[in-house]
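Notes to accompany the following structure.
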Amino acid sequence: MDSFSIFNSQFSIVNHRLMVYGAVHLTCSKNTRPLVKPDTIVLHYTAGKSALSSAFYLCRPDVGASAHVVIGRDGKIVQLVPFNIEAWHAGRSYYRGRAEFNHFSIGIELDNLGKLSRDGKRFVAECGAEVMPSDVYADDSGEKISYWHKYTDKQVHVLNEVCRSLVLEYPIYHILRHSDITPRKIDPGPALPDITLEDLLLGRSE
């Protein structure tokens with residue numbers, strides 16, 4: 001990928017919403033608390049069957065979770081909550097002396113089925129969806145091998161562009177995984193490459 005520049009990016013933020021061709025903007029009326037100067041981005045996976053189904057689920061008034069953005073496997077963006085409004089994506093959370101990350105972070109969900117179970121030659125997600133072997137990431141960093149749904153190249157590219165736009169617009173100094181801020185969660189998992197502020201701004205994250 002070419003190095004990023006604020007002059008050639010197709011992404012912009014206007015009134016705390018991402019402006020990019022094809023982006024879908026939903027209304028998540030349950031979220032109303034102001035989010036002032038967010039300084040952290042928290043990355044998640046949806047573990048749902050599609051980006052839109054996950055986005056509509058998170059917008060439901062009877063669901064006690066939400067996120068600012070969902071990024072589909074095709075790179076399409078769905079924004080649920082403006083970046084100046086708190087979303088409910090972090091839950092009980094703690095990192096480096098701070099707690100309750102909903103109060104100062106932006107939550108990005110990636111359309112991904114997460115950790116998979118292996119049944120012979122089949123790989124199955126918790127929701128019951130089957131994943132083709134070519135879309136499986138095998139992680140051998142633990143005591144035994146584990147299997148995860150791969151992220152697409154387009155999805156990772158769009159994630160990096162979104163994060164760069166947020167870093168330029170807000171005082172972001174942490175990009176964290178959900179698993180960094182709570183032992184209850186394992187998302188976004190080892191299949192997602194690490195993203196750092198330095199690499200984002202120097203165009204080295206892809």
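Positive contributions from Lys and Arg (+1) and negative ones from Asp and Glu (-1), summed over other residues with Cβ under 14 Å from the Cβ of residue 134, come out at +1.
For the peptides 66-74, 159-167, 34-42, residues were scored by their other Cβ atoms within 10 Å and the scores averaged per peptide; the highest-first order is 66-74, 159-167, 34-42. Amide H contacts under 5 Å for residue 112: 46, 47, 48, restricted to partners 5 or more places along the chain or on a different chain, H placed in the peptide plane at 1.01 Å from N. Once the chain from residue 143 to residue 98 is taken as fully extended at 0.36 nm per residue, the excess over their C-alpha distance is 13.1 nm.
Close amide H contacts of residue 85 (hydrogens built in the peptide plane, cut-off under 5 Å, sequence separation of 5 or more or a different chain): 35. Phi-derived couplings, Karplus 6.51 cos²θ - 1.76 cosθ + 1.60 at θ = phi - 60°, listed residue by residue for the range 174-180: 9, 10, 10, 8, 4, 5, 6 Hz, with x used for Gly and Pro. Computed over the alpha-carbon pairs of the chain, the distance histogram in 10 Å steps reads 9, 35, 38, 16, 2, 0 percent, short to long. Its relative contact order, with pairs defined as Cα atoms under 8 Å and 6+ residues apart, puts the range 140-206 at 37 percent. The phi torsions of the range 131-147, fed into the Karplus equation with coefficients 6.51, -1.76 and 1.60 and a -60° offset, translate into couplings of 10, 5, x, 5, 9, 9, 9, 9, 10, 10, 7, x, 5, 9, 5, 10, 10 Hz, rounded to whole numbers, with Gly and Pro shown as x.
Placing a pseudo-label 7 Å from each Cα along the Cα-to-Cβ vector at residue 25 and residue 201 gives an inter-label distance of 2.8 nm. Residue-wise HN-Hα couplings along the range 36-42, as the Karplus relation 6.51 cos²θ - 1.76 cosθ + 1.60 with θ = phi - 60° gives them from phi, are 9, 6, x, 10, 9, 10, 10 Hz; Gly and Pro carry x.
Available extension along the chain between residue 129 and residue 52 is 26.1 nm, counting 0.36 nm per residue and deducting the alpha carbon span. Equivalent-ellipsoid semi-axes for the range 119-161 (Cα gyration tensor, √(5λ), whole Å, largest first): 22, 15, 9. Would you work out which of 43, 132, 90 lies farthest towards the positive end of the dipole of the chain? Charges go on Cβ: Lys and Arg +1, Asp and Glu -1. Looking along the dipole axis, the top candidate is 90. Once the Cα atoms are used to define both axes, helix 153-169 deviates from the longest principal axis of the chain by about 30 degrees.
Read-outs throughout are calculated quantities, based only on the coordinates presented, and are distinct from any laboratory measurement. Owing to the predicted nature of the structure, the values given are computational and were not obtained by experimental measurement. FYI the Cβ positions are ideal-geometry reconstructions off the backbone, even for glycines, and counts take in every protein chain you see.
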